[in-house]
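Accompanying notes for the structure given below.
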Amino acid sequence: MSGILRVCTAAGCAGCGGSALREQLGAVIAAATTGDPASGLALKGVGCLGPCGEGALLELESASGRRLFGGITPEGVAAVAASLANLSPGTDLGTWAPPAARPIDLEQPFFRLQKRLVLEHCGRIDPESLAEALAAGSYGQLRRVLQENRPEAVIEQVRRSGLRGRGGGGYPTGLKWATVARMPGPEKVVVCNADEGDPGAFMDRSVLEGDPHRLLEGMAIAAWAVGASRGFIYVRAEYPMAIAHLRTAIAQAEDQGLLGAAIAGSAFGFQLELRVGAGAFVCGEETALIHSIEGQRGVPRPRPPYPAEVGVFGLPTLINNVETFASVPPLLAIGAEAYAAIGTTNSGGTKVFSLTGDVRLAGVLEVPMGTPIATIVETMGGGAPDGHAIKAVQTGGPSGGCVPANRLDTPVDYESLQELGSIMGSGGMVVMDDSTSMVDVACFFMAFCREESCGKCIPCRSGTVQLHLLLQKHLAGEADAADLAQLESLCHMVKDTSLCGLGQSAPKPVLSTLRHFRGDYLALLRPEPEATPEPVP
Amino acid sequence: MSVRTLRIDGRDLAVPEGTTLLQAAREAGIAIPTLCHLEGLSPVAACRLCLVEIEGTDKLLPACITPASEGMVVQTATPRLQDIRRTVVELLFTEGNHVCAICVANGHCELQDLAVTTGMDHSRLPYRFPARRVDLSHPFFGLDHNRCILCTRCVRVCDEVEGAHVWDVGWRGEHCRIIAGLDEPWGAVDACTNCGKCVQVCPTGALFHKGDTTAEKHDEPAQLQALVHARHHQQWNP
Ligand SMILES: Cc1cc2nc3c(=O)[nH]c(=O)nc-3n(C[C@H](O)[C@H](O)[C@H](O)COP(=O)(O)O)c2cc1C
Ligand code: SF4
Ligand code: SF4
Ligand code: SF4
Ligand code: FES
Ligand code: FES
């Protein structure tokens, strides 16, 4: 019979049975002889399919359409393989029901409401095959822009698309590219920030693991547009599969003349190197990242000068996030106007989120900018499980804040989230149900910042420790009203005075929970000692 | 040379282009507290004591690295800034172990002076009493980590002026520590020329001459400035 079997072998699923499933299904197909139902089947290990919380996942594609099965455990893998091997002759893939696997409805909102541009090929193609990426259209936009040979026109397209930096800050990408392009000098550098250090964020990982060529194409287009000939991808060491897939992809692209010298027969050359960071959150901050690429201690420095003027090795440098670069090929493919029309006025296009926490369907999804948070967490994610209600949704990780349940109608765009005291951030979205203590949440993130502070400036180095101690004091029920006032004022001090974004936003989870959930803090305060009654004479 | 006119604390000033707000203020006799900054060394803007308010932006900017620009209106000592500075000093005192009465730098310590100028007579935040070490392995000098405020002046002077690069910062966050060589005892680091420059620029009693006792250490930043000036202008006999 004919058909395609796709097994998610990305990091989220590989460990919970995905790798074993691919191996054993592969053995069955290899052993099948002509006439066996399993013969003629194509098996692919693919990147993240989306509902990571349901792993391991198996997708069957046949003439009758696509069907997805989840919940396959490492113990169940052998049964699935045996079932495939023992299918009675003549069975169609469209009717096979793998045992010990749960069908997942592909028509449910989680899939239906997505708009997959960045993740277009993720979960469809084998990320280790350049041929599949090419067949899916990868490098088509790079070839086209090289042929048309008008770099300013590419920058203009990116500007008009309304694309903004997906690393968290939301700086207009077209403007950044134009600034670097205008910098004088023959040598410039393009850097991809793949540090992804926020707890609860794994969007960039799914792109790196599932479709690395999309990133490489985006970076090459950017390099050509701004006039850079060298590039770096700075990826954290905790992502071994992403690193392996990137290495493979870079070698393949170089081999086919899509990276390196004289790309696609043009005069444009682009040397791309991988730099593996040791997993410090602060190394995601752009100036610290530059120092780290240069082989120095990964600590931030004051800006200006911005990397566009003084970046890696002192050269003008364009730094963008993984998703920002990966948005470029689809943006150019559909056109700036069509891309801008997908999002809101101030935030064009789509955004990838990683949805986790107290939610029924956790995973990676891509939606149009401006989608209400409720649509993502309730309609698509299915809300909180076990009869609980959602209390808040945390966005932006340790640099962000909590959106309370009564504001879930807020659209996801940069400005709306900022107004609520949170941030879009890089795309981590953690759902918290009504059993959550918001002081606990604030304390967790402060502990994280305390641990990750680089220690260069005093407000962050010493302030995050004092803030963490104050939060612990609240949790222990030992704080009084004066401690709460001190917590609040120290938050403002650290936010206003720290040198880099880490310290400046470290107090945000506290300030945002104080704003929306002050009751959680007040409930923990030590009761004022009762005044001893005057003795009656 | 082109000139920038600006107003600091209500006073109209004209300074050459490239002058920092700190230099402009000092020139005009307006004192802005500093700690990490030292004329003659590269700036790091890490201590945040010199933050000032600038009309038209909510962001506080460090005077030690912000160039004066045309028409700037700067406030250097608003109540908000004074409270921030006091808090910075509290954060510094509480993260180390400072017992002034028995310190070599007592009476000549920049941290102690700051406590006085910012009115920090007690800390509103709890002292943390960290366990820190003392390195007495060098034949002439000592380093008491209990008193180190991680201003990195020693790191910079040794690297930028002496060219020996003995010091670095190790670890991160609250675990940061000044390290000699590859985190070796200072006395075991061959690169050290025993020049004493790091001791000279250290604003506290963290680096000291062995043999100095309570209140006997004076830091000598002026010597550094004279040396840097002499090198820069090739004038050795002022
Ligand atoms: C503490 C800190 C951590 C950061 N981590 C990341 C990160 O992991 N990935 C990322 O793309 N940007 C991160 N950023 C933002 C970068 O500094 C930078 O703004 C971004 O990479 C620019 O790319 P964009 O314009 O495409 O968003 C971080 C910033 C701070 C302050
Ligand atoms: S804010 Fe924190 S992470 Fe950033 S420079 Fe200061 S100490 Fe380092
Ligand atoms: S004595 Fe001189 S060479 Fe030795 S550590 Fe200090 S500054 Fe460096
Ligand atoms: S030893 Fe002195 S000069 Fe060096 S960082 Fe510590 S306080 Fe600053
Ligand atoms: S990692 Fe397998 S579905 Fe996301
Ligand atoms: S003196 Fe300006 S930040 Fe330290």
Practice task
Of the numbered conditions (1) within 30 Å of B:ARG231 (Cβ to Cβ); (2) more than 10 Å from chain A (Cβ to nearest Cβ); (3) modelled with pLDDT of 95 or more, B:LEU38 fails exactly one; give the number of that condition.
Solution key: (3)
Fill in the blank from the handout: Residue count, the range B:135-182, condition of a type in the set (Lys, Arg) and more than 16 Å from ligand 6 (Cβ to nearest atom), comes to 3
Handout entry: strands (runs of 3 or more DSSP E) within the range B:76-193 that include 3 or more residues more than 14 Å from chain A (Cβ to nearest Cβ) and either closer than 30 Å to B:HIS229 by Cβ or at pLDDT 95 or above (or both)
Key = B:141-144
Practice task
Select from the range B:58-72 the residues that are away from chain A (no Cβ under 12 Å) and farther than 24 Å from B:GLU39 by Cα and list them in ascending order.
Solution key: B:GLY71
Exercise for the section: Kindly establish whether A:GLY387 is over 19 Å from A:GLY165 (Cα atoms), surrounded by fewer than 20 Cβ atoms within 10 Å (Cβ to Cβ) and free of Cβ contacts under 8 Å to residues at least 40 places away in the same chain. Expected result: yes
Problem - Number of positions in the range A:230-254 that are under 25 Å from A:GLU148 (Cβ atoms) and either surrounded by fewer than 19 Cβ atoms within 10 Å (Cβ to Cβ) or not assigned by TED's automatic domain parsing to the domain that holds A:ILE293 (or both) - result: 1
Practice task
Please specify each residue of the range A:129-173 satisfying the condition of being surrounded by fewer than 19 Cβ atoms within 10 Å (Cβ to Cβ) and part of a loop (DSSP other than H, G, I, E, B).
Solution key: A:SER129, A:ALA136, A:GLY137, A:ASN149, A:ARG150, A:GLY169, A:TYR171
Problem - Given (1) closer than 30 Å to B:VAL44 by Cβ; (2) more than 9 Å from chain B (Cβ to nearest Cβ), index of the condition A:ALA479 fails - result: (1)
Completion exercise
If we take the range A:297-407, then strands (runs of 3 or more DSSP E) inside it with 1 or more residues that are over 30 Å from B:ALA45 (Cβ atoms) are A:350-357, A:363-368, A:390-395, A:401-404
Problem - Extreme residue, farthest from ligand 2 (Cβ to nearest atom), among residues of the range A:501-522 that are closer than 14 Å to A:ARG450 by Cα and not aliphatic (A, V, I, L, M) - result: A:PRO509
Handout entry: helices (runs of 4 or more DSSP H) (entirely within the range A:458-537) containing at least 3 residues that are aliphatic (A, V, I, L, M)
Key = A:458-475, A:481-497, A:508-516
Fill in the blank from the handout: Residues of the range A:31-60 being away from ligand 5 (no atom under 16 Å from the Cβ) and among the charged types (D, E, K, R), in sequence order, are A:ASP36
Completion exercise
Of the conditions (1) more than 14 Å from chain B (Cβ to nearest Cβ); (2) under 29 Å from B:LEU92 (Cα atoms); (3) within 16 Å of ligand 1 (Cβ to nearest atom), the single one that A:VAL441 does not satisfy is (3)
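Listed here are the residues, each with its yes/no results for (1) aromatic (Phe, Trp, Tyr); (2) free of Cβ contacts under 8 Å to residues at least 60 places away in the same chain; (3) not in a loop (DSSP other than H, G, I, E, B).
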site: A:THR179; (1), (2), (3): no, no, yes
site: A:PRO186; (1), (2), (3): no, yes, no
site: A:GLY197; (1), (2), (3): no, no, no
site: A:GLU217; (1), (2), (3): no, no, yes
site: A:VAL235; (1), (2), (3): no, yes, yes
site: A:HIS245; (1), (2), (3): no, no, yes
site: A:ALA251; (1), (2), (3): no, yes, yes
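The values are calculated or read from the model by the stated rules, or taken from the named source; none is laboratory data. Because the structure is predicted, anything quoted here is derived from the model rather than measured. Cβ: placed from backbone, ideal geometry, glycine included. Neighbour counts: every protein chain shown.
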